[in-house]
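Chemist: Sharing a structure with you now.
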Amino acid sequence: MRLILNVIWLVLAGFWMAVGYAVAGLICCVLIITIPWGIASFRIANYALWPFGREVVDKPGAGTGSLLGNVIWIIVAGVWLAIGHVITGIALCVTIIGIPLGLANFKLVKVSLVPLGKEIIEVP
């Protein structure tokens, strides 16, 4: 079931959301000082391509640096990526088959706003 959901996700929403994260990551990596945000953005782009069967959890040991970095991320790119997830989630929830995909999009809003101090793990 995860494979089917991931393939449908990839076609309907995942590719475009991953492109958005990749563009944000490229912009962050071009500006040398924002490379940590670029790396986090690429990590989330990978998750946005294939989200079912994986989960985002808090990274142990993430502290004040992650908090300050997340505040900067929200201002620069997080709001726009979160808006993209909300709009895509609403559009997917219009159809019955798209409801699980829309809910997955809403789940990604949280990580799009605060990506630092998070890690992606496989769900058994």
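Chemist: Which whole-number value in Å² is the accessible area per residue of the chain, probe 1.4 Å?
Modeler: 57
Chemist: Let me ask something else. How would the chain be classified by its alpha-carbon gyration tensor: rounded, prolate or oblate, with rounded meaning a/c under 1.5 and the a/b versus b/c comparison settling the rest? Don't skip to the end; give the middle numbers.
Modeler: Values: a/c = 1.96, a/b = 1.61, b/c = 1.22.
Verdict is prolate for the chain.
Chemist: Kindly provide the helix-only [θ] at 222 nm of the chain, computed as the sum of -39,500 (n - 2.57) over DSSP H runs of four or more divided by all residues, to the nearest 500 deg cm²/dmol?
Modeler: -20500 deg cm²/dmol
Chemist: While we're looking at this one, here's another question. Using 15 Å as the cut-off for backbone N distance, which residues of segment 44-58 belong to the label zone defined by a point 7 Å from the Cα of Ile87 along Cα→Cβ?
Modeler: No residue qualifies, since no backbone N sits under 15 Å from the label point.
Chemist: Can you compute the modelled spin-label distance between Ile97 and Ile35, with each label point 7 Å from Cα toward Cβ, in nm?
Modeler: Here the answer is 4.5 nm between the modelled labels.
Chemist: What is the packing order of peptides 22-28, 59-65, 10-16, taking the mean over residues of other C-beta atoms within 10 Å and listing the highest first?
Modeler: In decreasing order of mean packing, 22-28, 59-65, 10-16 become 22-28, 10-16, 59-65.
Chemist: Residues of segment 102-116 with the amide nitrogen closer than 20 Å to a label point 7 Å from the Cα of Ile72, along Cα-to-Cβ, please.
Modeler: 111-116
Chemist: Extending each Cα 7 Å along its Cβ direction at Arg2 and Trp16, get the distance between those two points in nm, one decimal.
Modeler: It is 2.7 nm.
Chemist: Taking the chain as the reference, fit the longest principal axis to its C-alpha atoms, fit the long axis of helix 15-30 to the helix C-alpha atoms, and give the angle between the two in degrees, 0 to 90, nearest 10.
Modeler: Its long axis makes an angle of about 10 degrees.
Chemist: Measure off, as a whole percent, the carbon and sulfur share of the 1.4 Å-probe accessible area of the chain, all protein chains present.
Modeler: 80
The values are calculated or read from the model by the stated rules, or taken from the named source; none is laboratory data. Since this is a predicted model, take the numbers as computed values, not measurements. Heads up, the Cβs are rebuilt from the backbone with ideal geometry, glycines too, and the neighbour counts pull from every protein chain shown. Keep in mind that these areas ignore ligands, DNA and RNA; they rest on the heavy atoms of the full protein, side chains included. Shrake-Rupley method; radii C 1.70, N 1.55, O 1.52, S 1.80 Å.
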